[in-house]
Amino acid sequence: MNAGSSLPSSSAWEDLVTAALLGTDRRTPPGVAPGRNAPSALLDAAAAETVRRRAGLRPGPAAPRPRPAPGDPRPPLPAAAARRLALLLADRPGAAQGGRRGTSPDLVELLPQWLTAVNDRGFAAPPESLPALLDAARARTDLRPAALRFAGPRALWLARLNPDWRFALRASPGSGMALPGPEETQRVERLWQEGLFAERVSLLAAIRSRDPDAARELLEATWPTERAEDRLMFLDSLRTGLGPRDEPFLEQALADRSRNVRATAAELLSALPQSALAARMAVRAGACVAVDHTLDTPTLLVEAPHECDAAMERDGVSPKPPSGRGERSWWLGQLVEAAPLAGWSARLGGRTPEQIVALPVADDWLGELHAAWCRAAVRQRDPDWSRALLGPPSAPGAGGPGAVSLAERSKLLGTLAAAERAEWVAGFIAAHGLSEAFQLLGVCAVPWAAPLGGSVVDALNIARDAGSYPWSFSGVMGLAERCLDPSEAARLDALLAVPDEPEDASPGAGGYWAEAFQRLCRTLRLRAAMTAELEARPCVPCGA
């Protein structure tokens, strides 16, 4: 490089940039002659200065080479499944045109199910797929737990080299390090005392899952010094393995300076039917509800609280109701939902949950009382009360006397065993169709049991025959693509043709339905193929 350049190195680049912005007619940089050739000379000077700037950089200190990626002891993925993964990761959601999705399966929606299946089988991710897998997890937070589990330790190694994948480190305690074992007390203590908040939450949850008492004792040791928002998150981890031994700590938390912490502690204690708080709530709620035998039909009388005293507030009752809600009904609901359900039979004449729910309620308190019992059944995971409040699926409205909304029904169904849940939803669909079934289907185990899958297919067929557009059922159809048992594909063959349209049918509806059923059938067969690929013999690297 010629050291005797006409442009001083300290200001040359700034002069060139200024001349380019203002134009060579107004500003000619030093060393460039004005005139017609000035623009070309400016570009030549910029090229020379670029070379000078690059050549003049001082080399930085050599960085240490990264440690090799850790090994993954899990068996390799079968070759066909590895190819399938590449296709799933390469697919991108496309906007449907004119409301039509065509007949091709939506691979994006099948990726979560594929990840669940591969994790159940314990395969390792192919190294070449890790970048695309981390990109997919970065874009979709719902994929992250399953994707990171499948990706294994090598994904964490990559995440430390690429800022775009740092979410993987935040999702794993110890910045990618393995969790301390039960015997590594010093590592546990150091991570708990010095780790980032996300690392501490993950550590507490992991310990709670294997040793609930040890996790609670770890939390107790630093509880007074924790921030209020951190205490709330830590306290929430006690839902796992919640038991009577947690009661003394939760009772102390009822006096916490944070209202949200107090409310969470009270909720956890009310889920322990033998706790002192549950007993106190049972007394309060029992004083509000009684059976009136003076009428022709035994009737429940409700006398809501007239005040929220300090003791009630300490036990988690919020004194201020939401906008539009009366104070007394607000207090009553909180008392009833926190009282042990097992105690109502003795307080109401030895009646069963079905008999209690069937009693009329005076003075328009039925909705409030039954809604509170719904919340209690969900919180206490009581299937007997859930069945009583759900009622038979064929009942008018299919909600039973206490389920005031589809959200309530779906939560109550969540307390039942998977087979019973599917049977109830199948009966609901058979009696009422699919118009209100979407939320209920979402709580059913996948793949759907045969009676439930049959009810869904039959209801879709009825909707098709009615001549309406399938877009009203797009949500259910999307669920069916992911949740129907692949063996149902054979039943769909008769529905793939374009049906004859009745006179009052929506124009072109038959063609849309044929496309929808073709896509459903292809998706089910693709899911069957994906499962078969995972069952194939894994590929073994050469030389292994």
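The values are calculated or read from the model by the stated rules, or taken from the named source; none is laboratory data. It should be emphasised that the depicted structure is a prediction, and the values quoted were computed from it without experimental measurement. Don't worry about glycine lacking a Cβ; one is built from the backbone with ideal geometry, like all the others, and counts go over all protein chains shown. Accessible surface is based on the protein model in full, side chains and every heavy atom, while ligands, DNA and RNA are left aside. Shrake-Rupley method; radii C 1.70, N 1.55, O 1.52, S 1.80 Å.
Would you work out what percent of the accessible area of the chain, with all protein chains in place, is carbon or sulfur (probe 1.4 Å)? Ligands and nucleic acids excluded, carbon and sulfur give 55 percent.
Can you give me the Rg/Rh ratio for the range 209-364, using Cα atoms for both radii and the Kirkwood formula for Rh? Don't jump to the answer; show the numbers that get you there.
Details: Rg = 17.9 Å, Rh = 17.2 Å.
The Rg/Rh ratio comes out at 1.04.
Taking a 1.4 Å probe, which of Tyr469, Tyr512 shows the most accessible area, and what order do the others take after it? Don't skip to the answer; put the middle values down first.
Numbers: Tyr469 70, Tyr512 45 Å².
So, going from the largest accessible area down, we get Tyr469, Tyr512.
What number, in percent, do you get for the relative contact order of the chain if the mean sequence gap of Cα pairs under 8 Å and at least 6 apart is divided by its residue count? List each step's numbers first, then the result.
Working: 652 pairs, mean separation 59.3, N = 544.
This gives 11 percent for the chain.
Note on Ser11: accessible area approximately 40 square angstrom, rounded to 10, probe 1.4 Å, nucleic acids and ligands left out. With N the number of residues in the chain, Rg(Cα) / (2.2 N^0.38 Å) evaluates to 1.36. Put simply, the amide H of Ala124, placed in the peptide plane, has neighbours under 5 Å in Leu77, leaving out anything fewer than 5 places away on its chain.
The amide H of Asp292, built 1.01 Å from its N in the peptide plane, has Thr299, Leu300, Leu301 as neighbours under 5 Å, considering only residues 5 or more places off or on other chains. Rounded to the nearest 10 degrees, the angle from helix 12-22 to the longest Cα principal axis of the chain is 70 degrees. For helix 130-139, report the angle its Cα long axis makes with the longest principal axis of the Cα atoms of the chain; keep it between 0 and 90° and round to the nearest 10°. With rounding to tens, the tilt is 60 degrees.
What separates the Cα centres of the range 62-76 and the range 44-61 is a distance of 36 Å. Could you tell me how many degrees, from 0 to 90 and to the nearest 10, lie between the Cα long axis of helix 185-194 and the main elongation axis, the longest principal axis, of the Cα atoms of the chain? Relative to the chain, helix 185-194 is tipped by roughly 80 degrees.
When each of the peptides 276-282, 384-390 is scored by how many other beta carbons lie within 10 Å of its residues on average, the order from highest to lowest is 384-390, 276-282. In whole Å, what is the distance between the alpha-carbon centres of the range 342-396 and the range 265-309? Measuring centre to centre over Cα atoms gives 13 Å.
Annotation: Asp309 carries an accessible surface of approximately 60 Å², with a 1.4 Å probe and no ligand, DNA or RNA atoms counted.
Per residue, the chain exposes an accessible area of 52 Å² to a 1.4 Å probe, with every protein chain left in place.
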